[in-house]
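To keep things clear, I will list the structure first and then write my remarks on it.
The values are calculated or read from the model by the stated rules, or taken from the named source; none is laboratory data. Just so we're clear, the structure is a prediction, and the values are computed from it rather than from any experiment. Cβ placement follows ideal geometry from the backbone for every residue including glycine, while neighbour counts extend to all protein chains displayed. Please note that ligands, DNA and RNA were not included when accessible areas were found on the heavy atoms of the full protein model with its side chains. Shrake-Rupley method; radii C 1.70, N 1.55, O 1.52, S 1.80 Å.
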Amino acid sequence: MRVLAAVALVCTLALSFSSSALAQRNNPLIRQGQELYDELRYEEALQVLSAALVRAGNTEAERATTYRLLAFTYLALGRQEEADGAYRSLLAL
């Protein structure tokens with residue numbers, strides 16, 4: 001599973017950095033989730049990012065950014081299986 005997470009991380013980083021800024025600009029919940037993650041407030045980040053994910057009208061870039069941030073947040077909390085699920089969802093886009 002760690003190999004899957006590592007591969008997903010590399011793919012995610014390569015694909016999502018350019019779309020990340022745009023996604024955060026269009027969906028303020030993504031920006032807020034990123035800020036909470038940066039402040040190490042992981043449980044709060046999960047709540048906000050989960051809300052961002054179910055927000056109507058998300059673009060593919062917004063969904064990709066949200067899944068990436070969710071995966072990082074789950075990893076920071078030691079929740080490997082959930083991180084793997086977020087990576088799988090990201091790769092399925």
Checklist entry - How big is the accessible area of LEU36 in square angstrom, nearest 10, if you roll a 1.4 angstrom probe over the protein chains? => result 10
Item to check | Restricting segment 28-93 to GluC sites (Glu not before Pro) in coil, as DSSP defines it, with at most 10 other Cβ within 10 Å | outcome: GLU39
Item to check | Under the Karplus curve 6.51 cos²θ - 1.76 cosθ + 1.60, θ = phi - 60°, whole-Hz ³J(HN,Hα) for segment 83-93, x wherever Gly or Pro sits | outcome: 4, 4, x, 5, 5, 4, 5, 4, 5, 7, 5
Next on the checklist: Please compute the modelled spin-label separation between LEU40 and GLU82, points set 7 Å along Cα→Cβ, answer in nm with one decimal.
Outcome noted: 1.9
